[in-house]
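Peer 1: Dropping a structure here in structure tokens format, bear with me for questions.
The values are calculated or read from the model by the stated rules, or taken from the named source; none is laboratory data. Not measured: the values here are computed from a predicted model. Here the Cβ positions follow ideal geometry from the backbone for every residue, glycine too, while neighbour counts run over all protein chains shown. Each accessible area value is taken on the protein alone, full model and side chains, heavy atoms only, with ligands, DNA and RNA left out. Shrake-Rupley method; radii C 1.70, N 1.55, O 1.52, S 1.80 Å.
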Amino acid sequence: MKKKSIALILAVLTLAICFVFAACGDKTGGDTTTAAGDTTAAGTAETSDLAYIKDKGKLIVGMTVYEPMNYKDKETGEWTGFDTEFALAVGKELGVEIEFFEIADWDNKFIELDTKNIDCVWNGMTINEKAKLNSSVSDPYVVNAQVVVMKKDKLAQYPDEASLKDLSFAVENGSAGHDAAKELGCKTTVVKYQSDALLEVESGAVDACIIDLTMANGMTGEGTSYADLGYVVELNKEEYGISCRKGSDLTAEINRIMAEMKADGSLQKLADKYELTLVD
């Protein structure tokens, strides 16, 4: 009888222990599922640039001084320009502030992007293979070209690309103009900004510079600071885009807002203000 009682007690205890472990197992399993769910949710949040930007409440725009895209108003000292106003409009739609970050070296723009010093490159950036390789690029929005700027009294002597081979050029480091000069195989002086390239030409340090058509139209010719400079030769056609981090969901959101601004005419109005041509 005693042996049977002990056996019964052991059986009951075994069942109780199994029940406890089963219950703990279920609880642990539930926690694991929840944790996995939390990890997935956290991962989604971490990989969502849009969520990251909205959480911090601001979009940091990487740019340089580049008229008419981004430059300081002489009276107010505030940033203005086509890309400046465009970015501010997108920020308003996103419900975040826009902070402008001046990139010290344009050639390092994608490093600034990857390290999150900036959230996008928005400064008349030429869409090319390097940009596509290193970032997520928006739909194109403005038509541009690389042009050869020199003193007006020399323009007649250099009417085409073939006539340029013996000239010296100033180009912005890492710019489309820099790439164009390499293709020409000409002697080049590399400077920090496109505006510096104009100064090199004005001072006579170089024969010409290769800069964006948009800047040439805004900063050379009658009524500008470089009234004695002009251009005839266009080296290539290109389009501007906005770079976000690789795989960023911010790109699609910018594209959506851009499409809305094109549809309601506000982007065209902005382009007319700064004498730019939108991509069809």
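Peer 1: Which residue is nearest to THR115 (Cα to Cα), if the candidates are limited to region 230-244 and must be of a type outside the set (Val, Ile, Thr), open to solvent by less than 40 Å² (accessible area, probe 1.4 Å) and within 28 Å of the chain's Cα centre (by Cα)?
Peer 2: Quick first cut of region 230-244, residues of a type outside the set (Val, Ile, Thr) only: 230-231, 234-241, 243-244.
Keeping just the survivors that are open to solvent by less than 40 Å² (accessible area, probe 1.4 Å) gives 230, 235, 238, 240-241, 243-244.
Next cut, within 28 Å of the chain's Cα centre (by Cα) only: 235, 238, 240-241, 243-244.
Values: LEU235: 34, GLU238: 28, TYR240: 23, GLY241: 20, SER243: 14, CYS244: 12 Å.
Once the filter is applied, the top-ranked residue is CYS244.
Peer 1: Give the residues of region 123-146 that are acidic (Asp, Glu) and either part of a loop (DSSP other than H, G, I, E, B) or buried (at least 22 other Cβ atoms within 10 Å of the Cβ) (or both), sorted by residue number.
Peer 2: Of everything in region 123-146, just one residue is acidic (Asp, Glu) and either part of a loop (DSSP other than H, G, I, E, B) or buried (at least 22 other Cβ atoms within 10 Å of the Cβ) (or both), namely ASP139.
Peer 1: Here is a follow-up. Given the options GLU67, GLU112, GLU99, name the one that is of a type outside the set (Ser, Thr, Tyr) and touching a Lys or Arg at 6+ places or on another chain (Cβ under 9 Å). Outline the logic, then answer.
Peer 2: Working: GLU67 fails: touching a Lys or Arg at 6+ places or on another chain (Cβ under 9 Å); GLU112 fails: touching a Lys or Arg at 6+ places or on another chain (Cβ under 9 Å).
After ruling out the rest, the residue left standing is GLU99.
Peer 1: Checking GLY247 against (1) open to solvent by 40 Å² or more (accessible area, probe 1.4 Å); (2) in contact with a Gly (Cβ under 8 Å, 6 or more places away or on another chain); (3) in contact (Cβ under 8 Å) with a residue 24 or more places away in the chain, which test does it fail?
Peer 2: Status for GLY247: all satisfied but (2).
Peer 1: Considering only residues of region 57-93 that are without any contact (Cβ under 8 Å) to a residue 24 or more places away in the chain and part of a helix (DSSP H, G or I), which is farthest from GLU172 (Cα to Cα)? Even if it seems obvious, please write down each step before you answer.
Peer 2: Residues of region 57-93 that are without any contact (Cβ under 8 Å) to a residue 24 or more places away in the chain, as a first pass: 71-80, 84, 88, 92.
After this cut, where a residue has to be part of a helix (DSSP H, G or I) as well, the list is 84, 88, 92.
Details: THR84: 21, LEU88: 26, LYS92: 32 Å.
Residue satisfying both the conditions and the ranking: LYS92.
Peer 1: Just wondering, is there one or more residues in region 159-176 that are crowded, with 20+ Cβ neighbours inside 10 Å and assigned to a helix (DSSP H, G or I)?
Peer 2: yes
Peer 1: Could you check how many residues of region 194-224 are open to solvent by less than 30 Å² (accessible area, probe 1.4 Å) and not in a helix (DSSP H, G or I)?
Peer 2: So the count comes out to 8.
Peer 1: Right, something else. Answer yes if at least one residue in region 115-122 is within 14 Å of the chain's Cα centre (by Cα), assigned to a strand (DSSP E or B), within 21 Å of LEU213 (Cα to Cα) and β-branched (Val, Ile, Thr), and no otherwise. I'd like the intermediate steps shown before the answer.
Peer 2: First, pick out the residues of region 115-122 that are within 14 Å of the chain's Cα centre (by Cα): 115-122.
Checking which are assigned to a strand (DSSP E or B) leaves us with 120-122.
If we keep only those that are within 21 Å of LEU213 (Cα to Cα) as well, we get 121-122.
Subset that is β-branched (Val, Ile, Thr): 121.
Yes, there is a match, as at least one residue in region 115-122 is within 14 Å of the chain's Cα centre (by Cα), assigned to a strand (DSSP E or B), within 21 Å of LEU213 (Cα to Cα) and β-branched (Val, Ile, Thr).
Peer 1: Could you tell me whether any residue of region 219-229 is modelled with pLDDT of 95 or more and under 19 Å from the mean Cα position of the chain (by Cα)?
Peer 2: The answer is no, given that none of the residues of region 219-229 is modelled with pLDDT of 95 or more and under 19 Å from the mean Cα position of the chain (by Cα).
Peer 1: Here is a follow-up. Among the listed residues ASP249, ASP272, ASP264, which satisfies the condition of being closer than 30 Å to GLY95 by Cβ and under 21 Å from the mean Cα position of the chain (by Cα)?
Peer 2: Sole residue among the options that is closer than 30 Å to GLY95 by Cβ and under 21 Å from the mean Cα position of the chain (by Cα): ASP249.
Peer 1: When residues of region 90-107 are filtered for being surrounded by fewer than 17 Cβ atoms within 10 Å (Cβ to Cβ) and either modelled with pLDDT under 95 or small (Gly, Ala, Ser) (or both), how many remain?
Peer 2: Narrowing region 90-107 to residues surrounded by fewer than 17 Cβ atoms within 10 Å (Cβ to Cβ): 92-93, 95, 97, 99, 101-102, 104-105, 107.
Restricting the remaining residues to those that are either modelled with pLDDT under 95 or small (Gly, Ala, Ser) (or both) gives 95, 104-105, 107.
Total meeting the criteria: 4.
Peer 1: Of the residues LYS262, LYS269, which is over 28 Å from PHE169 (Cα atoms), without any contact (Cβ under 8 Å) to a residue 60 or more places away in the chain and surrounded by 15 or more Cβ atoms within 10 Å (Cβ to Cβ)? Outline the logic, then answer.
Peer 2: On the way: LYS269 fails: surrounded by 15 or more Cβ atoms within 10 Å (Cβ to Cβ).
Just one listed residue meets the conditions, LYS262.
Peer 1: Do you know which residues across region 224-252 are small (Gly, Ala, Ser) and in contact with a helix residue (DSSP H, G or I) (Cβ under 8 Å, 6 or more places away or on another chain)? Spell out the reasoning first.
Peer 2: So the first thing to find is which residues in region 224-252 are small (Gly, Ala, Ser), and the list is 225, 227, 230, 241, 243, 247-248, 252.
Selection gives SER225, GLY230, GLY241, SER243, GLY247, SER248.
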